[in-house]
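Asks: Dropping the structure in here first, questions after.
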Amino acid sequence: MPYRGRFAPSPTGPLHFGSLAAAIGSCLDARAAGGSWLLRIEDVDTPRMVEGAAEAMLRTLERLGFAWDGAVEYQSRRTAHYLAAFERLKLAGRVFACACSRREVADSGLGPDGAPRYPGTCRRGLAPGRQARAWRLQVEPGQVCFDDDLQGRICQDLAAEVGDFVVLRADGCFAYQLAAVVDDAAQGVTHVVRGADLIDSTPRQIFLQQQLGLPRPAYLHLPAAVNAAGEKLSKQTRAAAIDGQRPQAALLAALKFLGQQPPQALAEAALDDVWRWAIMHWNRDALPRCRSAAAPAGY
Ligand code: GLU
């Protein structure tokens, strides 16, 4: 099957170094394999969206010389597809309405990693007088495993570690897990290359693929960029916006972060030459095999 990769940023702020590393890693892995590379704006989580952020991200990617195949896909235009998948799960009796608030779930139990684990409160129906808020997918005991192309074998027992998870949120938005799985399948994505901050989502996405009868892409989770305090770069941690005026510098920093060894002379080269070098020399074996790594100074 021809390689189809994608970059799927959430437009919650400007493109930062962490998203740049995921963008360049996914793009180069696709291009080096002679594959296509798609761009999908994950603007499904409407309350977190920032006006104009998607446009700004696209402009920055263009200034950095990224070239994607086809039109940009926007999740905000794909609600009907998420609804259809949700209806299929509902028809199969796999989802249930849940009345629990976030606070109630957090108070009732933690999984082994300290994250809240849903204890199954509403699995067998709502208690009298309780209002349905979100819809959850029933998980099953047992390990969900996959072989990550960089991180090796990853297993998670969804029932023990996560619990039944939300697919349709109380605010009416479809959950990231459902939207990403539906879109990866609809776009024919064969390879998901993204930051390892999302690695814990992958077993949930694989479980959803199984429930919906969708194909499973190959996964490669790159190290996620963290700041000096060890926090993932994000808008919340005030990550700096990538400076589109200095594209060579930003691309070289991201290549080095991914273990590639671009010659310093490329800092002065034409943007096309940087890309040509990067595609020709893309080396998966040089990728740091860790879940997070420090972003370079200045990012
Ligand atoms: N939208 C997600 C993010 O920006 C990435 C989703 C994915 O690559 O699956 O963190």
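The values are calculated or read from the model by the stated rules, or taken from the named source; none is laboratory data. A quick note: this is a predicted structure, and the numbers were derived from the prediction, not measured. All Cβ positions, even for glycine, are placed from backbone atoms using ideal geometry, and neighbour counts span all protein chains on display. The area values use the complete protein model at the heavy-atom level, side chains included, leaving out ligands, DNA and RNA. Shrake-Rupley method; radii C 1.70, N 1.55, O 1.52, S 1.80 Å.
Asks: What pairs can you find where one residue is in region 58-77 and among the basic types (Lys, Arg), the other is surrounded by fewer than 16 Cβ atoms within 10 Å (Cβ to Cβ) and not in a helix (DSSP H, G or I), and their Cβ atoms are less than 8 Å apart, with a gap of 6+ or different chains?
Replies: Arg63/Gln245
Asks: If you don't mind, another one. Considering Ala249, Ala218, Ala241, Ala253, which residue is open to solvent by 50 Å² or more (accessible area, probe 1.4 Å) and more than 12 Å from the ligand (Cβ to nearest atom)?
Replies: Selected residue: Ala241, the only one of Ala249, Ala218, Ala241, Ala253 that is open to solvent by 50 Å² or more (accessible area, probe 1.4 Å) and more than 12 Å from the ligand (Cβ to nearest atom).
Asks: Looking only at region 256-275, how many residues end up being surrounded by 13 or more Cβ atoms within 10 Å (Cβ to Cβ), on the phi < 0 side of the Ramachandran plot and not acidic (Asp, Glu)?
Replies: Qualifying residue count for the region: 10.
Asks: Pairs only if they're at least six apart or on different chains, beta carbon under 7 angstrom, first in region 1-27 and without any contact (Cβ under 8 Å) to a residue 60 or more places away in the chain, second among the small types (Gly, Ala, Ser) and not in a strand (DSSP E or B); list them, first residue then second.
Replies: Pairs found: Pro9/Ser19; Pro11/Ala53; Pro11/Ala54.
Asks: Could you list, ordered by first residue, the pairs with Cβ atoms under 6 Å in which the first is in region 187-199 and in contact (Cβ under 8 Å) with a residue 60 or more places away in the chain and the second is part of a helix (DSSP H, G or I) and of a type outside the set (Lys, Arg), at least 6 apart or interchain?
Replies: Taking only residues 6 or more apart or on different chains, the pairs are Val193/Gly25; Val193/Ser26; Val193/Asp29; Arg194/Ala22; Gly195/Ala22.
Asks: Being buried (at least 19 other Cβ atoms within 10 Å of the Cβ), under 25 Å from Pro9 (Cα atoms) and more than 12 Å from the ligand (Cβ to nearest atom) is true for just one of Val144, Val193, Val139, Val162. Which residue is that?
Replies: Unique residue meeting the criteria: Val162.
Asks: Output the number of the condition that Ser76 fails; it satisfies all remaining conditions of (1) away from the ligand (no atom under 11 Å from the Cβ); (2) farther than 25 Å from Val274 by Cα; (3) polar (S, T, N, Q); (4) buried (at least 18 other Cβ atoms within 10 Å of the Cβ).
Replies: Among (1) away from the ligand (no atom under 11 Å from the Cβ); (2) farther than 25 Å from Val274 by Cα; (3) polar (S, T, N, Q); (4) buried (at least 18 other Cβ atoms within 10 Å of the Cβ), Ser76 violates only (4).
Asks: Please verify whether Gln209 is more than 12 Å from the ligand (Cβ to nearest atom), surrounded by fewer than 20 Cβ atoms within 10 Å (Cβ to Cβ) and in a helix (DSSP H, G or I), treating the condition exactly as stated.
Replies: Yes.
Asks: Mind listing whichever residues of region 1-18 are within 13 Å of the ligand (Cβ to nearest atom), out of contact with any Asp or Glu (no Cβ under 9 Å at 6 or more places or on another chain) and open to solvent by 20 Å² or more (accessible area, probe 1.4 Å)?
Replies: Pro14, His16
Asks: Additional query: Please name all residue pairs, on different chains or six or more residues apart, with Cβ atoms under 9 Å, provided the first residue is in region 283-299 and is at negative phi and the second residue is open to solvent by 60 Å² or more (accessible area, probe 1.4 Å) and part of a strand (DSSP E or B).
Replies: Final answer for the pair search is Ser292/Lys232.
Asks: Which residues, counting only those in region 104-125, are part of a loop (DSSP other than H, G, I, E, B) and among the acidic types (Asp, Glu)?
Replies: Asp113, the sole residue that qualifies.
Asks: Kindly indicate whether Asp184 is in contact (Cβ under 8 Å) with a residue 60 or more places away in the chain, within 11 Å of the ligand (Cβ to nearest atom) and open to solvent by 40 Å² or more (accessible area, probe 1.4 Å).
Replies: Against the criterion (in contact (Cβ under 8 Å) with a residue 60 or more places away in the chain, within 11 Å of the ligand (Cβ to nearest atom) and open to solvent by 40 Å² or more (accessible area, probe 1.4 Å)), Asp184 does not qualify.
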